[in-house]
Amino acid sequence: MLRPQDGPTRERKSLNGMWRFRLDPDGVGREQEWFRTPLAQARDMPVPASYNDVLADATVRDHVGDAWYQTTVRVPRGWAGERVVLRFDSATHRAVVWVDDVEVVRHEGGYTPFEADVTAHVRPGEESRVTVVVDNRLTWHSLPPGIVEDGRQTYFHDFFNYAGLHRSVWLYSTPAAHVSDVTVVTGLDGGTGTVDHRVETVGAGDVRVVLTDAAGREVARDEGSTGRLVVEDVHPWRPGEGYLYDLRVELTREAEVVDSYTLPVGVRTVEVRGTQFLVNGEPFRFTGFGKHEDALFRGKAHDDVLMVHDFALMEWTGANSLRTSHYPYAEEVLDHADRHGIVVIDETAAVGQNLGLMAGILRRQFPPTFSPDTIDDAAREVHAQAIRELVARDKNHPSVVLWSIANEPESDTDAAVAYFQPLVALTRELDPTRPVGTVNMAFSPYGRDRLQALGDVVMLNRYYGWYLHTGDLAAAEQALQAELEQWATEGKPVLVTEYGADTLAGLHSLTAEPWSEEYQADLLDTYHRVFDRVEAVVGEQVWNFADFATAPSVGRVAGNRKGVFTRDRRPKAAAFALRRRWRPLG
Ligand code: GCB
């Protein structure tokens, strides 16, 4: 799915800014057709933002159900004769959209974009009313899953259920005949690069593709909707150096360019060979973090300032990668990673699919995780659709090297294998060029887990020294080493996608005291000693980059404190420890 862009044949208009907003606690707005009139009793709400923490109002923070947004937009006069599209970069977790009185689109899933061709419903030069109802309820059929009982929301993942319009909203124009999709797959053979392209179009015309280098010089061109461009003396995209070409895709009729779309392209390869993870044929070692889209006041809103700052802090630590735990991030993040050579593990919003684990944490009984009463075949189809939308959105990003289709699902039952087998196969079918996997949790160690066998890499979240052997790093070191040696026998690369300890910034201790800054740094050092002794370990991503908001819980102090930075991005001692390991030369 192509992002909106400004170009010779296309224009964008941002709908970001102040919208009108109203909660619908009784769930009557759809029936009463609130979209038909200016939203009554509405308050101001900035977009993009999670609505939860913006106002000083607990009923907004803890709202369960529908919330309404409304704005007006004047369609540029110059768009007469063009196709007009309304696009939401995300609406969490599901939404219905009206333009004036007409429903134009509905979408399930809080972290991927959706759009509607609204040409027939708007008039260039005139104003239109855009109304959106956003529903934040999590059910057995949503990703992530949850349950609503007596108006209260329970969920099974460890981050706050922020909701609303978290990302940009656009109105954009394209010509009626236009480029509707582009897929690129790149290859390297010595100093020669290849860019295979597949272009989809709507309407009559011929396709031409032109590749230019970062200096704007043309390096290759081709005619036709599929083909291969060959780039001599290629400048590859590589970790640490986000070199990008531009692929200009044109739809032409005779001498006229009807539509033009420009896609940044990084020429690189990814391959799993034995226990190695190869980028451009060379062994790659992941350093970095599991992150969250999370910040004070704005919740999960995308924000360029915060994004650039977070990448600067990652670079300061020497991180070369991140996992988009636990949902697809804003596309701006992937663009930035592309440009800066940061490697990305791209994850779906499948988190919390393990009711056995939750029974212990929430101290209540649950039915089996994967069953006709819980996560069933219909839920699996929602998951499949989420994978389709993720791959469709992110397939062309050179930074994305690995798909993670679930975090810590139940993984030791026949039902789990039956659920995931088709999803792994689907991911491979949609994208045969990237490895795929699921992330394993500690209660399904080697010998018990049955999902890592399905994936191309082993991904493990481990908390020895925190949830297990709390305060005893010597025991943690032994246990971790023993388990990693077992996983190494799988013959696949092993990535430790989470390890860490909750830490209260400012708490210091001479002894091995959990929650102190020294303990967090010592725990990371302990893990690093073990990683360096087990050859198959090719990835270390600390949990977490920064402290983040969660649902209230006795194990959380105003959120999860496993960040090596605080929520306002101040370094804890562990950040300096990581910098010493990942950037030994400063
Ligand atoms: C995990 C989860 C992550 C949690 C983390 C923790 O294994 O993947 O979402 O936040 O543990 O801190 O407990």
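The values are calculated or read from the model by the stated rules, or taken from the named source; none is laboratory data. All values reported here derive from a predicted model rather than from experimental measurement. As a convention, Cβ positions derive from the backbone with ideal geometry for all residues, glycine included, and neighbour counts pool all protein chains shown. When the accessible area is computed, the model is the full protein with side chains, heavy atoms only, and any ligands, DNA or RNA have been set aside. Shrake-Rupley method; radii C 1.70, N 1.55, O 1.52, S 1.80 Å.
Would you check if there is a residue in region 209-222 being β-branched (Val, Ile, Thr) and either part of a loop (DSSP other than H, G, I, E, B) or within 30 Å of Phe297 (Cβ to Cβ) (or both)?
No, that holds for no residue.
Any residue at all in region 367-374 that's free of Cβ contacts under 8 Å to residues at least 40 places away in the same chain, surrounded by fewer than 24 Cβ atoms within 10 Å (Cβ to Cβ) and within 19 Å of the chain's Cα centre (by Cα)?
no
How many residues does region 231-257 contain that are in a strand (DSSP E or B), farther than 22 Å from Leu278 by Cα and open to solvent by 20 Å² or more (accessible area, probe 1.4 Å)?
Of the residues in that region, 5 qualify.
Restricting to region 564-582, give me the number of residues that are part of a loop (DSSP other than H, G, I, E, B) and under 19 Å from Asn320 (Cβ atoms).
Looking only at that region, the number is 1.
Which of the strands (runs of 3 or more DSSP E) contained wholly in region 261-350 include at least 2 residues that are of a type in the set (Asp, Glu) and either open to solvent by less than 20 Å² (accessible area, probe 1.4 Å) or not assigned by TED's automatic domain parsing to the domain that holds Pro435 (or both)?
Result: 343-347.
Residue check: is Tyr69 within 28 Å of the chain's Cα centre (by Cα), assigned to a loop (DSSP other than H, G, I, E, B) and not assigned by TED's automatic domain parsing to the domain that holds Ser260?
Judged against the criteria, Tyr69 is not a match.
Restricting attention to region 502-532, report how many residues are closer than 30 Å to Asp62 by Cα and either β-branched (Val, Ile, Thr) or part of a helix (DSSP H, G or I) (or both).
Total meeting the criteria: 1.
Could you say whether any residue in region 204-225 is modelled with pLDDT under 95 and among the small types (Gly, Ala, Ser)?
Yes.
Which of the numbered conditions does Arg462 fail, given that it passes all the others? Conditions: (1) within 13 Å of the ligand (Cβ to nearest atom); (2) in contact with a helix residue (DSSP H, G or I) (Cβ under 6 Å, 6 or more places away or on another chain).
The single condition Arg462 does not satisfy is (2).
Kindly indicate which of Leu251, Leu247, Leu229 is over 30 Å from Phe576 (Cβ atoms), in contact with a Gly (Cβ under 6 Å, 6 or more places away or on another chain) and more than 16 Å from the ligand (Cβ to nearest atom).
Every option except Leu251 fails the conditions.
If you go through region 465-479 one residue at a time, do you hit one that is over 21 Å from Ala574 (Cα atoms) and among the acidic types (Asp, Glu)?
There is no residue in region 465-479 that is over 21 Å from Ala574 (Cα atoms) and among the acidic types (Asp, Glu).
Scanning region 314-339 for residues that are among the hydroxyl-bearing types (Ser, Thr, Tyr) and over 9 Å from the mean Cα position of the chain (by Cα), which turns out farthest from Pro4 (Cα to Cα)?
Thr317
Inspect region 406-426 for any residue being part of a strand (DSSP E or B), over 14 Å from Asn354 (Cβ atoms) and within 16 Å of the ligand (Cβ to nearest atom) and give the result as yes or no.
No, region 406-426 contains no residue that is part of a strand (DSSP E or B), over 14 Å from Asn354 (Cβ atoms) and within 16 Å of the ligand (Cβ to nearest atom).
Of the conditions (1) within 16 Å of the ligand (Cβ to nearest atom); (2) touching a residue at least 60 places away in the same chain (Cβ under 8 Å), Arg137 satisfies every one except a single condition; which number is it?
Answer for Arg137: the failing condition is (1).
Which of the residues spanning region 552-564 are open to solvent by 10 Å² or more (accessible area, probe 1.4 Å) and away from the ligand (no atom under 11 Å from the Cβ)?
Pro552, Val554, Val557, Ala558
With respect to Val537, is the statement that it is in contact (Cβ under 8 Å) with a residue 24 or more places away in the chain, within 21 Å of Val439 (Cβ to Cβ) and either among the aliphatic types (A, V, I, L, M) or in the same structural domain as Gly290 (by TED's automatic domain parsing) (or both) true?
Yes.
Is it the case, given these coordinates, that Glu485 is assigned to a loop (DSSP other than H, G, I, E, B) and in contact (Cβ under 8 Å) with a residue 12 or more places away in the chain?
no
Can you confirm whether Gln481 is away from the ligand (no atom under 14 Å from the Cβ) and in the same structural domain as Gly288 (by TED's automatic domain parsing)?
In short, yes.
Might you check whether a residue that is open to solvent by 10 Å² or more (accessible area, probe 1.4 Å) and in a loop (DSSP other than H, G, I, E, B) occurs anywhere in region 380-389?
No, there is no match, as no residue in region 380-389 is open to solvent by 10 Å² or more (accessible area, probe 1.4 Å) and in a loop (DSSP other than H, G, I, E, B).
Can you name every residue in region 506-532 that is within 16 Å of the ligand (Cβ to nearest atom), among the hydrophobic types (A, V, I, L, M, F, W, C) and open to solvent by 10 Å² or more (accessible area, probe 1.4 Å)?
Within region 506-532, Trp515 is the sole residue that qualifies.
Could you please find all residues in region 484-498 being under 18 Å from Val542 (Cβ atoms) and charged (D, E, K, R)?
Once the filter is applied, which keeps residues that are under 18 Å from Val542 (Cβ atoms) and charged (D, E, K, R), region 484-498 yields only Glu498.
Could you run through region 444-465 and say how many residues are surrounded by fewer than 23 Cβ atoms within 10 Å (Cβ to Cβ) and closer than 23 Å to Gln520 by Cβ?
Within region 444-465, residues that are surrounded by fewer than 23 Cβ atoms within 10 Å (Cβ to Cβ) and closer than 23 Å to Gln520 by Cβ number 2.
For the condition under 17 Å from Val184 (Cα atoms), touching a residue at least 24 places away in the same chain (Cβ under 8 Å) and open to solvent by less than 50 Å² (accessible area, probe 1.4 Å), what is the one hit in Val219, Val209?
Val209
Consider Glu535 against the criteria (1) open to solvent by 50 Å² or more (accessible area, probe 1.4 Å); (2) outside any loop (DSSP other than H, G, I, E, B): it satisfies all of them except one. Which criterion is unmet?
(2)
Pick from Asp456, Asp472: which is away from the ligand (no atom under 15 Å from the Cβ) and either outside the structural domain of Ala416 (by TED's automatic domain parsing) or in contact with a strand residue (DSSP E or B) (Cβ under 8 Å, 6 or more places away or on another chain) (or both)?
None of the others qualify; the one that does is Asp456.
If you take just the strands (runs of 3 or more DSSP E) that sit entirely in region 82-197, which of them hold at least 3 residues that are out of contact with any Phe, Trp or Tyr (no Cβ under 9 Å at 6 or more places or on another chain) and surrounded by fewer than 19 Cβ atoms within 10 Å (Cβ to Cβ)?
Counting at least 3 such residues, we get 152-155, 178-189.
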